[in-house]
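Read the structure below first, then the notes.
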Amino acid sequence: MSGTSRGVPSSVTSSPVAAAAAAISPKRSSSNPPHHHHHHQMLHLTTTQDVIRQGKCLCGEYIRARLKRSGLLNRKILQRLRNSIVPDGASVGGGSGMMLIAGGGGAVVREAFPILHGAGFELERMHPRLYTNVSRQISNEPWGELTEPDTVGCLLHIVAKDLFKTGVTWGKVISLFAIAGGLAVDCVRQDHTDYLQQLIEGTTDVIEEDLAGWLVERGGWLGLQDHVYPQPAEITLTGWLTITIITLALLYLVSLFLKLIGSNYLNSEPTVAVATVGSTIGSASSSS
């Protein structure tokens, strides 16, 4: 556990950040997600320790992406982030610049992170003031200055308590990562890159204390796929029977309609023939 569970520094105060973030939920996408079938296969493999470990890795990945988008990422910071999220003795891999932990957790992070990052980026785009200069919005220190390593974890901890006090939703979870990304930018801009580890640990503590049970019930981090890419509702047996009955009824009505048209056509043929003969005789008579 990090310093977020200890006494809160006097420089930390609650702010409207949590209230505003709680009211925000990213738009769901109607497009089809890649590899969605993995979600249901991994439901029974998800444990509390899994979601905590994977959440820590996702936090590091989100911070990396946020710093890169802000033009603040360099090799030194990247190595610091790797050291913060990769356990001792674990390998780093996965491609695309991602800092994935070894084993099945890396596969989950690889699949969940693009969805998490996309939804978080959408929140940041829609509400740039909320996710920029986060420390200034929360801290009592002038200009939101981060004076101690533990302060950044405490800031996130207090926002999270307000954010999740009325319940957990995927929108709030995504907001938590966006807030952590904003605090990471504040750390680097204030030349406190060494605070990033405390920020990641603080986020991990929030996941363990407030989110782990909720996440496990939803199949872990891959449950985010069902939020952003909702599956179409499955049709029940009653639904299939209803569709079959309606289809048969329509076919029956169409067949009756075609028979009616056919009978009307056959009945009208003699009349057409008589009219044609009559007009021919009339023309011949007038010509003679």
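The values are calculated or read from the model by the stated rules, or taken from the named source; none is laboratory data. Quantities reported herein were computed from a predicted structural model and do not represent experimental measurements. A quick note on method: Cβ atoms are made from the backbone with ideal geometry, for glycine too, and the neighbour counts reach across all protein chains shown. Calculation scope for accessible area: heavy atoms of the full protein, side chains included, ligands and nucleic acids excluded. Shrake-Rupley method; radii C 1.70, N 1.55, O 1.52, S 1.80 Å.
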Item checked: Residue list for region 154-176, filter: under 19 Å from residue 122 (Cα atoms) and not in a helix (DSSP H, G or I) -> 169
Check: If you scan region 158-172, which residues turn out to be touching a His at 6+ places or on another chain (Cβ under 9 Å) and open to solvent by less than 10 Å² (accessible area, probe 1.4 Å)?
Finding: 171
Notebook entry, point to check: Yes or no: residue 225 at pLDDT below 95 and crowded, with 17+ Cβ neighbours inside 10 Å?
Noted result: yes
Next item on the list: Mind listing whichever residues of region 187-211 are open to solvent by 10 Å² or more (accessible area, probe 1.4 Å) and charged (D, E, K, R)?
Entry: 189, 191, 194, 201, 208, 209, 210
